[in-house]
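The values are calculated or read from the model by the stated rules, or taken from the named source; none is laboratory data. Bear in mind that the values here come from a model prediction, so they are computed numbers and not experimental data. Reconstructed Cβ throughout: ideal geometry from the backbone, glycine too, with neighbour counts over all protein chains shown. Please note that ligands, DNA and RNA were not included when accessible areas were found on the heavy atoms of the full protein model with its side chains. Shrake-Rupley method; radii C 1.70, N 1.55, O 1.52, S 1.80 Å.
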Amino acid sequence: MFGLEKPAGQQEPGRSGGLPKMASVGDFNVLSSSIPATKVELSVSCRNLLDRDTFSKSDPICVLYTQAIGNKEWREFGRTEVIDNTLNPDFVRKFIMDYFFEERENLRFDFYDVDSKSPNLSKHDFLGQMFCTLGEIVGSQGSRLEKPIVGIPGKKCGTVIVTAEELGCCRDSVLMQFCANKLDKKDFFGKSDPFLVFHRSNEDGSFTICHKTEVVKNTLNPVWQAFKISVRALCNGDYDRTIKVEVYDWDRDGSHDFIGEFTTSYRELSRGQSQFNVYEVINPKKKGKKKKYVNSGTVTLLSFLIETEVSFLDYIKGGTQINFTVAIDFTASNGNPSQPTSLHYMNPYQLNAYGMALRAVGEIIQDYDSDKMFPALGFGARLPPDGRVSHEFALNGNPQNPYCHGIDGVMEAYYRSLKSVQLYGPTNFAPVINHVARYAASVKDGSQYFVLLIITDGVISDMAQTKESIVNASKLPMSIIIVGVGPAEFDAMEELDGDVVRISSRGRFAERDIVQFVPFRDYIDRSGNHVLSMARLAKDVLAEIPEQFLSYMRVRGIKPSPAPPPYTPPIHVLQTQI
């Protein structure tokens, strides 16, 4: 699972500067230990740039900017080198960025013709710019995006090609096993009960706990079980970063006794079992007090095996499409859409909660769907002309073709429906889940994955049927996101989100956890900044999708398709005058 860690060097919320936050041994939880995002490397090439120099061709540079979520301010991320005298540069210097599926990372590439040594960009000629998202690059065929350069009215500024490559170290895992010899005896009546705690170092010199072995009881020469850990978790992909290992004697009351510690690095460990990987365990207090102190025992690496995991991005690069369907609750409990108290109120100045949830999730997922055509459904309304109740109707009024073009098309169809249907009831989820499941059941080869977003104001009426539908859907390439809007109690929804107890129906358990439920009110920004509310919501509801996606592919034994061959820029032959 990726996407759980803040960028290096950032403080814990609410913590002042000063002492780094030390992880205590007792409160370590494998699930909540932060693993950095995967990293992607962006390569930039341009074709047919504007020529701004009189006697020679332009000398281009590319400057990348990223955008802060809250205030939309653009910040410079980095610059390529300058390439002299060309309109078709292939820049060598790459941009390495953290990638989170669940976040929208807006990017701006600016191009300049460099005329002097000045680092000040205003001293150079502007050649144009290109805007996109990181998801757009990654989600393009072969993770290669080609777009026109814009920004100079009335001029053709050429094109830019950006390719994304996931860094290999981000998806390696290692299987390691350790043993120890002659550790210090810490228990009065027996020997020690030793265990190891691994920490990776952070940019600011603090340490983050990343693994804890099991306790081996009553021995000074323990052999711990082999364990698997991702290279990201162990050292953030930096092979020379310090890894600190502490040795403790376990005590029932949680006051574990410190035996000693040693440091190593991924590069040292990767030498495998050898004389280099026998470590003296040192207790600094003892060392300071006793002149004859040698060590508190030794720890030896018994084995070290690297395994490369296939990643979410491997499938996306191989062409797997993510199909996005939205289903909106049109039950009467939402309130009359013409009243400001209604959850469906069409305020001309700002999005209602349904619109916000839809945009927050849809704008990120749309980058992974090449045709940008999204089925949009409604449930719980009476339809014209005869007033029949439907739990699976097309928002665009066309049951044969419920697809809308882009998120804007979905929004338009939603607003149009509000004017034509009558809000009614009950709140049945099973029909829309089964609708998407029918499509998912027809493509199980890994070429497509389906995400259904259900936005609802409340209490579900067909719980038994919905559980049955979810258990059936858990065998299919699909995930379900449920966003609860409004003030209702959502206890029943928590039951559908199988994080605590795996969902079951008539004695059958779901094959995988495919439902993520969140109440939108938990994400509302108190200052009224809807952009922040939407970013927080998207981050939480989409964070589980890559892991759910991978769990389906693993269970079915589906490997990623090979990516299309890499793009090789055409070589421009320089015409020489005779």
### Query
Take the residues of segment 231-278 that are part of a loop (DSSP other than H, G, I, E, B) and of a type in the set (Asp, Glu): which is nearest to Gly297 (Cα to Cα)?
Asp251
### Query
Taking segment 59-96, which residues are under 30 Å from Leu532 (Cα atoms) and open to solvent by less than 40 Å² (accessible area, probe 1.4 Å)?
Cys62, Val63, Leu64, Tyr65, Thr66, Gln67, Ala68, Gly70, Gly78, Phe95
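Just the residues that are open to solvent by less than 10 Å² (accessible area, probe 1.4 Å) and modelled with pLDDT of 95 or more, please, taken from segment 369-389. Spell out how you get there, then give the answer.
Quick first cut of segment 369-389, residues open to solvent by less than 10 Å² (accessible area, probe 1.4 Å) only: 369, 374, 376-381.
Correct list: Phe374, Ala376, Leu377, Gly378, Phe379, Gly380, Ala381.
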#### Entry: Residues (at pLDDT below 90 and either within 17 Å of Val223 (Cα to Cα) or under 35 Å from the mean Cα position of the chain (by Cα) (or both)) located in segment 240-272
Gly254
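For every residue, the table says whether it meets (1) assigned to a helix (DSSP H, G or I); (2) assigned by the TED database to the domain that holds Leu269; (3) aromatic (Phe, Trp, Tyr).
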residue: Thr300; (1), (2), (3): no, yes, no
residue: Ser333; (1), (2), (3): yes, no, no
residue: Pro337; (1), (2), (3): no, no, no
residue: Ser342; (1), (2), (3): no, no, no
residue: Leu351; (1), (2), (3): no, no, no
residue: Ala357; (1), (2), (3): yes, no, no
residue: Gly362; (1), (2), (3): yes, no, no
residue: Gly378; (1), (2), (3): no, no, no
residue: Pro385; (1), (2), (3): no, no, no
### Task
Within segment 181-217, track down each residue that is in a loop (DSSP other than H, G, I, E, B) and in contact with a Gly (Cβ under 7 Å, 6 or more places away or on another chain).
Lys182, Leu183, Asp184, Glu203, Asp204
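Just wondering, is there one or more residues in segment 448-456 that are touching a Gly at 6+ places or on another chain (Cβ under 7 Å), closer than 24 Å to Ala376 by Cα and of a type outside the set (A, V, I, L, M, F, W, C)? Steps first, answer last, please.
Narrowing segment 448-456 to residues touching a Gly at 6+ places or on another chain (Cβ under 7 Å): 456.
Subsequent filtering for residues that are closer than 24 Å to Ala376 by Cα retains 456.
From what's left, of a type outside the set (A, V, I, L, M, F, W, C): 456.
Scanning segment 448-456 turns up at least one residue that is touching a Gly at 6+ places or on another chain (Cβ under 7 Å), closer than 24 Å to Ala376 by Cα and of a type outside the set (A, V, I, L, M, F, W, C).
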### Query
Would you pick out the residues in segment 354-368 that are over 17 Å from the mean Cα position of the chain (by Cα) and either open to solvent by 20 Å² or more (accessible area, probe 1.4 Å) or farther than 24 Å from Gly484 by Cβ (or both)?
Arg359
### Query
Of the residues that make up segment 206-220, is at least one modelled with pLDDT under 90, surrounded by fewer than 16 Cβ atoms within 10 Å (Cβ to Cβ) and under 30 Å from Ile96 (Cβ atoms)?
yes
### Task
Please identify the pairs in which a residue from segment 479-499 that is not assigned by the TED database to the domain that holds Glu547 and charged (D, E, K, R) has its Cβ atom under 6 Å from the Cβ atom of a residue that is crowded, with 22+ Cβ neighbours inside 10 Å and assigned to a helix (DSSP H, G or I), counting only partners at least 6 apart or on another chain.
none
### Task
Please list, ordered by first then second residue, the pairs with beta carbon atoms under 6 Å, 6 or more apart or interchain, first in segment 315-326 and in the same structural domain as Tyr368 (by the TED database), second of a type in the set (Gly, Ala, Ser) and open to solvent by less than 10 Å² (accessible area, probe 1.4 Å).
Val326/Ala376
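Looking at the structure I just gave you, is Phe312 closer than 30 Å to Met478 by Cβ and either of a type in the set (Phe, Trp, Tyr) or exposed (fewer than 12 other Cβ atoms within 10 Å of the Cβ) (or both)? Don't jump to the end; show me each part of the working.
Working: closer than 30 Å to Met478 by Cβ: yes; either of a type in the set (Phe, Trp, Tyr) or exposed (fewer than 12 other Cβ atoms within 10 Å of the Cβ) (or both): yes.
Yes.
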### Query
When both residues are 6+ apart or on different chains and their Cβ atoms are under 8 Å apart, which pairs have a first residue that lies in segment 188-207 and is aliphatic (A, V, I, L, M), and a second that is open to solvent by 10 Å² or more (accessible area, probe 1.4 Å) and in a loop (DSSP other than H, G, I, E, B)?
Leu196/Thr213; Val197/Val25; Val197/Phe28; Val197/Thr213
### Hits in segment 273-290 - residues which are under 38 Å from the mean Cα position of the chain (by Cα), open to solvent by 30 Å² or more (accessible area, probe 1.4 Å) and not hydrophobic (A, V, I, L, M, F, W, C)
Gln273, Ser274
### Residues satisfying the stated conditions in segment 99-133, i.e. of a type in the set (D, E, K, R), assigned to a strand (DSSP E or B) and touching a helix residue (DSSP H, G or I) at 6+ places or on another chain (Cβ under 9 Å)
Asp110
